[in-house]
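A short write-up of the structure that comes next.
The values are calculated or read from the model by the stated rules, or taken from the named source; none is laboratory data. Quick caveat: nothing in here was measured; it's all calculated off a predicted structure. Glycine gets a Cβ as well: all are built from the backbone with ideal geometry, and neighbour counts include every protein chain shown. These accessible areas exclude ligands, DNA and RNA; they are computed on the full protein's heavy atoms, side chains included. Shrake-Rupley method; radii C 1.70, N 1.55, O 1.52, S 1.80 Å.
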Amino acid sequence: PNSMLCDLKQPGEILGVIKDEVADEVGLPHDIALVATGADKACETIGCGALSRDVAAVSYGTACSIEVSNEKYYEPEKFLPAYAAAVPGWYNMDVQIYRGYWMLSWFSKNFASELVDEAKFLHMAVEELLDKDLSDVPPGSDGLVLQPYWGPGLSRPLAKGAIIGFSDIHTRSHLYRAIIEGIAYALREGLESIEKSQRHKVSSIRISGGGSKSDSICQITADIFGLPVSRVQTHETTSLGAAMATFVALKEFKCIKCATKDMVKVTETFYPNKEAHEKYNYLYEKVYLNMYPQLKNIYADIKKLDNK
């Protein structure tokens with residue numbers, strides 16, 4: 001019931017002041033305001049500087065997402081609502097892959113356990129070691145195509161994960177690259193749904209999250225979408241976006257666009273490779289988009305077995 005829910009607050013509203021005893025315990029000054037900012041993906045989007053319907057924000061974290069900010073309300077997919085942005089009165093059209101880059105951890109644990117131990121010894125993330133093998137596999141993973149529904153989405157509750165195209169040439173590195181490509185295919189499909197809803201094409205992408213630290217992953221993303229992909233000065237753009245919303249609330253900046261101008265800096269842009277993009281287009285249109293329609297009845301049958 002509504003009586004048990006919190007009161008809704010707009011981004012930028014001051015909720016109160018941190019209690020003195022709490023401030024003393026954690027070593028903060030007294031009288032610090034607590035400011036409402038926004039949801040994690042909403043803050044991540046403004047932290048990327050994606051503040052118009054021309055720019056999409058891709059997040060490569062445990063859950064992967066693609067978001068487009070808009071001053072008008074549009075649903076990103078049928079029956080899927082847009083979410084409140086971290087800008088009062090704005091909306092984020094958001095499509096998520098809930099198991100996103102969690103799949104890289106799943107892959108490492110089950111298929112590259114010796115690299116996990118090596119990475120610990122070297123004080124590195126295991127993905128940094130796996131990343132070195134990406135360049136050994138051509139765009140399109142020699143025909144290996146993955147549908148990344150290890151966890152079902154809101155619009156496809158029966159969906160399962162699928163990998164097709166295996167042959168004797170495929171290796172562990174092919175599978176790793178196919179995961180990265182499959183997630184990008186799914187996000188491209190989400191972006192096309194958003195573009196159809198808002199009746200406007202996106203012209204560039206901002207990227208963040210742990211996966212964005214990899215040059216190879218950024219280039220794969222640019223090649224699959226056929227759009228320039230830019231990184232900003234930090235991959236932790238959720239924290240940056242929350243700080244921006246807070247500074248606007250405290251009148252350090254007049255508006256979020258003013259904060260973006262001073263606080264968000266593009267550090268590198270990756271441009272699509274024409275040959276790779278053509279190959280990805282073929283696999284996306286001829287293979288990936290046909291996988292779910294061909295498999296959805298099979299997924300339903302698997303679900304029936306799970307329920308027995």
Exercise for the section: State which residue pairs qualify: first residue without any contact (Cβ under 8 Å) to a residue 60 or more places away in the chain and inside the stretch 49-65, second residue open to solvent by less than 20 Å² (accessible area, probe 1.4 Å) and not aromatic (Phe, Trp, Tyr) in any location, beta carbons under 9 Å apart, and separation of 6 or more residues or different chains. Expected result: 52/68; 52/69; 52/70; 62/100; 62/209; 63/97; 63/100; 63/151
Problem - Residue among 113, 108, 65, 69 that alone is more than 19 Å from the chain's Cα centre (by Cα) and either at pLDDT below 90 or crowded, with 21+ Cβ neighbours inside 10 Å (or both) - result: 113
Problem - Flag for residue 279 being of a type in the set (Lys, Arg) and in contact (Cβ under 8 Å) with a residue 60 or more places away in the chain - result: yes
Problem - Residue that is touching a residue at least 12 places away in the same chain (Cβ under 8 Å) and on the phi < 0 side of the Ramachandran plot, where the choices are 208, 141 - result: 208
Problem - Test for residue 86: is it surrounded by 16 or more Cβ atoms within 10 Å (Cβ to Cβ), of a type in the set (A, V, I, L, M) and within 18 Å of the chain's Cα centre (by Cα) - result: yes
Handout entry: Residues located in the stretch 42-62, provided they are hydrophobic (A, V, I, L, M, F, W, C), out of contact with any Gly (no Cβ under 6 Å at 6 or more places or on another chain) and open to solvent by less than 10 Å² (accessible area, probe 1.4 Å)
Key = 42, 48, 50, 56, 57, 58
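Inside the stretch 102-142, counting only helices (runs of 4 or more DSSP H) that do not spill past its ends, which hold 1 or more residues that are touching a Phe, Trp or Tyr at 6+ places or on another chain (Cβ under 8 Å)? Outline the logic, then answer.
Working: elements: 102-111, 113-122, 126-131.
Hits in the stretch 102-142: 102-111, 126-131.
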Fill in the blank from the handout: Within the stretch 19-41, residues in contact with a strand residue (DSSP E or B) (Cβ under 6 Å, 6 or more places away or on another chain) and either at pLDDT 95 or above or assigned to a strand (DSSP E or B) (or both) come out as 33, 34, 35
Fill in the blank from the handout: Given (1) buried (at least 18 other Cβ atoms within 10 Å of the Cβ); (2) without any contact (Cβ under 8 Å) to a residue 40 or more places away in the chain, residue 168 misses just (1)
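Give the residue, chosen from 261, 254, that is without any contact (Cβ under 8 Å) to a residue 24 or more places away in the chain, out of contact with any Cys (no Cβ under 8 Å at 6 or more places or on another chain), open to solvent by 50 Å² or more (accessible area, probe 1.4 Å) and not in a helix (DSSP H, G or I).
Working: 261 fails: not in a helix (DSSP H, G or I).
Going through 261, 254 in turn, the sole match is 254.
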Problem - Residue list for the stretch 234-251, restricted to those being open to solvent by less than 50 Å² (accessible area, probe 1.4 Å) and outside any loop (DSSP other than H, G, I, E, B) - result: 237, 238, 240, 241, 242, 243, 244, 245, 246, 248, 249
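Take the stretch 24-44 and flag every residue that is polar (S, T, N, Q) and free of Cβ contacts under 8 Å to residues at least 12 places away in the same chain. Show your work before the answer.
Within the stretch 24-44, the subset polar (S, T, N, Q) is 37.
Hits for the stretch 24-44: nothing passes.
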